[in-house]
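First comes the structure, then the notes that go with it.
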Amino acid sequence: MRYLAPDFVVRSFLDITPEDVRELSPDSLAICVDIDGTVTDFHAPEVPADAQARLRSFSDAGFLTFIVSNCSGRRVTEVHRLFDDLVTGVVTPFDCLGPEDDDDTGRSHRKPAPDMLLAVAARYWVTDPATGVERTPRPEELLMVGDQIFKDVIAAKQAGAPSVLVPRLGNRDHVGVRVAQRPVEAVVRAALRLPVRDEDWPHRLTPVRHR
């Protein structure tokens, strides 16, 4: 069960500040964020102004910022339209396709697979805070933020990155997630003594004590 526990919890993506990340996760150089249920409601056509401002606050503070989404098909183009001007990069399963595998559809690269986070670590560059030298970030320097234990948290665990769990934003959901996954995750959160009710979630980034 401890494998399913995030490193941090907080009431909303909007409640994560650059200052709290620097204090509580000082090795993090990049913020990787899920979309549906985290930054917007499921397949929302626009990004709320407050979420745009929060994403920009991380860039302004010197963090790299990434959207890490399981989207596919036409939604990939839509996600790029929504986020290309807001973040360092948008990474989808399409970006992890094997160049020599004509049968690779991208499905195997979706979270909870770590592939998209590992792609961020392999393809982008950060300035080492200690030496000032440009290098690729290490997986443990990526902070994954998402609303699903069985996708976002496990993907981070497999990549070796810390994770932040937030409650689902909005009322809509993928039908399979709503029917099969959300009830199980509620049980897991209770078993791990993570927040379950809306009022249980902290208003500031809070470390999880692994039991």
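The values are calculated or read from the model by the stated rules, or taken from the named source; none is laboratory data. Everything numeric in this text was worked out from a predicted model, so none of it was measured. All Cβ positions, glycine included, derive from the backbone under ideal geometry; neighbour counts span all protein chains shown.
Conditions tested, residue by residue: (1) touching a Ser or Thr at 6+ places or on another chain (Cβ under 8 Å); (2) at pLDDT below 90.
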{"residue": "PHE63", "(1), (2)": "yes, no"}
{"residue": "PHE66", "(1), (2)": "yes, no"}
{"residue": "ASN70", "(1), (2)": "yes, no"}
{"residue": "ASP85", "(1), (2)": "no, no"}
{"residue": "THR88", "(1), (2)": "yes, no"}
{"residue": "THR92", "(1), (2)": "yes, no"}
{"residue": "GLY106", "(1), (2)": "yes, yes"}
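If you take the residues in the range 94-104 that are surrounded by 12 or more Cβ atoms within 10 Å (Cβ to Cβ) and either modelled with pLDDT of 95 or more or over 18 Å from the mean Cα position of the chain (by Cα) (or both), which one is farthest from ASP60 (Cα to Cα)?
So the residue we want is ASP104.
Quick grid of which residues meet (1) among the β-branched types (Val, Ile, Thr); (2) touching a residue at least 60 places away in the same chain (Cβ under 8 Å):
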residue: LEU4; (1), (2): no, yes
residue: ASP7; (1), (2): no, yes
residue: VAL10; (1), (2): yes, yes
residue: THR17; (1), (2): yes, yes
residue: GLU23; (1), (2): no, no
residue: ILE35; (1), (2): yes, no
residue: VAL39; (1), (2): yes, yes
residue: HIS43; (1), (2): no, yes
residue: VAL47; (1), (2): yes, no
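Name the single residue, out of those in the range 194-211 being exposed (fewer than 12 other Cβ atoms within 10 Å of the Cβ) and at pLDDT 85 or above, that is nearest to PHE13 (Cα to Cα). Please lay out each step first, then the result.
First, the residues of the range 194-211 that are exposed (fewer than 12 other Cβ atoms within 10 Å of the Cβ): 197-199, 203, 209-211.
Narrowing further to those that are at pLDDT 85 or above: 197-199, 203.
Numbers: ARG197: 17, ASP198: 14, GLU199: 16, HIS203: 10 Å.
The extreme case among them is HIS203.
Look through LYS151, LYS157 and report the one residue that is of a type outside the set (A, V, I, L, M), modelled with pLDDT of 95 or more and in contact with a Pro (Cβ under 7 Å, 6 or more places away or on another chain).
Result: LYS151 is the single residue among LYS151, LYS157 that is of a type outside the set (A, V, I, L, M), modelled with pLDDT of 95 or more and in contact with a Pro (Cβ under 7 Å, 6 or more places away or on another chain).
Matching residues to (1) over 30 Å from GLU185 (Cα atoms); (2) in contact with a Pro (Cβ under 9 Å, 6 or more places away or on another chain); (3) not charged (D, E, K, R):
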position: ASP85; (1), (2), (3): yes, no, no
position: PRO114; (1), (2), (3): no, yes, yes
position: ALA119; (1), (2), (3): no, no, yes
position: THR127; (1), (2), (3): yes, no, yes
position: ALA130; (1), (2), (3): yes, no, yes
position: VAL133; (1), (2), (3): yes, no, yes
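Please count how many residues of the range 7-46 are within 22 Å of GLY62 (Cα to Cα) and aromatic (Phe, Trp, Tyr).
The number of residues fulfilling the criteria is 2.
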